[in-house]
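The values are calculated or read from the model by the stated rules, or taken from the named source; none is laboratory data. Values in this document were obtained by computation on a predicted structure and should not be read as measured data. Cβ: placed from backbone, ideal geometry, glycine included. Neighbour counts: every protein chain shown.
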Amino acid sequence: MTSRSKSLPLGIDVGGSGIKGAPVDLETGEFAAERVRIPTPEESTPEAVADVIAQIIDELDEVGPDAPVGITVPGVVTHGVVRSAANIDKRWLDRDADKLFTERLGRDVHVVNDADAAGVAEVRYGAARGKDGFVILTTLGTGIGIALIHDGVLIPNAELGHLELDGRDAETRASNGVREAKELSWEEWAERLQRYYSHLENLLWPDLFVVGGGVSKKSKKFLPLLDLRTPIIPATLLNSAGIVGAAALAADEAARRH
Ligand code: BGC
């Protein structure tokens, strides 16, 4: 790592299969050093995840002591405390992740929801860059994550992946995890997505939907099947969105504190 990258903010993305980290150049939204990835521990308790994050920071080498560190969690995070655990180890519930990571890492951290981080990254550097107005990022993964961003301002922790759809939690009908588990065809899945996105646009009237999550690489297979009044486009940052957004939000928080 160069001396310049030592003080750059670090983003750490805690995902279901891997925990990934890199320093981020906020001018470009690109990694300033090679990303380090370690598989998510099978028992992904808060302590086990904190250990892996510590290892990632060690491996990144020479992260300056004052470098802001942003960490994503796939659940609601208010004031550093994890408040929901739909698809993660239930031991995260009501855990003060900020305190745990700060103690384990010996440095200040900023913990944020994973979809919020991805949304901020797409608005600042990716698919929604330069688009004014109200952008909704949806991540279609094991669950459905949402980021609401109006004129660049994030309204955090919007849990609209859990909207009720046909009497059920929407993410248990329309996530990519469900598509895979039920072996739905693209057409079958698109019918569910149609119901979900119509519901969202009728409630919130966004200017743009951005679709993230690994499956957005295959967006040509399902986005053209949707009939919505809102433009809907694939995310462009893909794997890096969580890291980039976490780093950007941590830098914002550090600037706010000083
Ligand atoms: C959680 C959200 C998270 C999303 C994507 C949902 O089940 O409730 O907080 O952003 O999954 O990981």
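Some notes on this structure:
- Condition met for L204 (under 22 Å from the mean Cα position of the chain (by Cα), more than 16 Å from the ligand (Cβ to nearest atom) and among the aliphatic types (A, V, I, L, M)): yes
- T172 under 19 Å from the mean Cα position of the chain (by Cα) and in a strand (DSSP E or B): no
- Scanning segment 165-181 for residues that are over 16 Å from G141 (Cα atoms) and either more than 14 Å from the ligand (Cβ to nearest atom) or in contact with a helix residue (DSSP H, G or I) (Cβ under 8 Å, 6 or more places away or on another chain) (or both) gives L165, D166, G167.
- Test: residue in segment 213-227 that is assigned to a loop (DSSP other than H, G, I, E, B) and buried (at least 21 other Cβ atoms within 10 Å of the Cβ): yes
- Just one of the numbered conditions (1) surrounded by 16 or more Cβ atoms within 10 Å (Cβ to Cβ); (2) without any contact (Cβ under 8 Å) to a residue 24 or more places away in the chain is not true of L160: (2).
- When residues in segment 136-153 are screened for being out of contact with any helix residue (DSSP H, G or I) (no Cβ under 6 Å at 6 or more places or on another chain), at negative phi and more than 10 Å from the ligand (Cβ to nearest atom), 4 of them pass.
- Filter result for D132 (surrounded by fewer than 23 Cβ atoms within 10 Å (Cβ to Cβ), out of contact with any strand residue (DSSP E or B) (no Cβ under 9 Å at 6 or more places or on another chain) and under 26 Å from R168 (Cα atoms)): no
- Evaluation of A127 against the conditions (1) assigned to a helix (DSSP H, G or I); (2) in contact (Cβ under 8 Å) with a residue 60 or more places away in the chain; (3) away from the ligand (no atom under 16 Å from the Cβ) shows that the sole unmet condition is (1).
- Assessment of segment 67-81 against the conditions (under 17 Å from A247 (Cβ atoms), of a type in the set (A, V, I, L, M, F, W, C) and over 18 Å from the mean Cα position of the chain (by Cα)) yields at least one matching residue.
- Hey, E30 surrounded by fewer than 17 Cβ atoms within 10 Å (Cβ to Cβ), over 24 Å from G141 (Cα atoms) and either over 16 Å from the mean Cα position of the chain (by Cα) or in the same structural domain as A246 (by TED's automatic domain parsing) (or both) or not: no
- Considering P23, P68, the condition of being farther than 22 Å from L238 by Cα and either crowded, with 19+ Cβ neighbours inside 10 Å or assigned by TED's automatic domain parsing to the domain that holds T172 (or both) is satisfied by P68 alone.
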